[in-house]
Amino acid sequence: MRTPLPGPQQAPRSAPTSPPTSPPLTGEWPEWLMRRVRAGLARFNRQRQALIILEFAVVVALLALLYLSQVAALTATHQALLQQQAQQSDLRRQDADLHAQLGRLQSPTYIEQRAHELGMVPADPASVVWIAIHDAGH
């Protein structure tokens, strides 16, 4: 014979509770207590508003600080870029000057003029002696 499986267990029931009672109407509280509660709420609201204003001011200050740091970094980068562009322009000008000077120094007319200044004269082809050197190993 089989025994039936136990079913889901139910939590024991407690005694029925009555619904929560609503707070007494304003007129039922003593006036001195109502004044203190209102003063406390007003103080709490002022403190909460002050805290919200302070938080807002801190957020605005942090955003302003972030903005200023970004602007400072951007300005520094821009200054460095301007300096590098000026340096690049100077180097290009120097390079162009050096190429022009190299072209003048390599020109045949300059070489001939400089040779005359050094006392060199063209050689007479009849007086040139050619010496042939042969490699003995080959």
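For this structure, a couple of remarks:
- Candidates A86, A123, A96, filtered to the one that is surrounded by fewer than 10 Cβ atoms within 10 Å (Cβ to Cβ) and either touching a Pro at 6+ places or on another chain (Cβ under 6 Å) or hydrophobic (A, V, I, L, M, F, W, C) (or both): A123
- Taken over segment 99-120, the criterion of being exposed (fewer than 10 other Cβ atoms within 10 Å of the Cβ) and of a type in the set (D, E) is satisfied by E117 alone.
- Restricted to segment 6-65, and to residues there that are under 59 Å from the mean Cα position of the chain (by Cα) and among the aromatic types (F, W, Y), the residue that is modelled with the highest pLDDT is F56.
- Pairs where the first residue, in segment 41-60, is outside any helix (DSSP H, G or I) and the second is surrounded by 10 or more Cβ atoms within 10 Å (Cβ to Cβ), C-beta under 9 Å, 6+ apart: none
- Just so you know, in segment 97-115 the residues that are part of a helix (DSSP H, G or I) and polar (S, T, N, Q) include one that is farthest from the chain's Cα centre (by Cα), and it is Q113.
The values are calculated or read from the model by the stated rules, or taken from the named source; none is laboratory data. In this text, all values refer to a predicted model and were calculated from it rather than measured experimentally. A quick note on method: Cβ atoms are made from the backbone with ideal geometry, for glycine too, and the neighbour counts reach across all protein chains shown.
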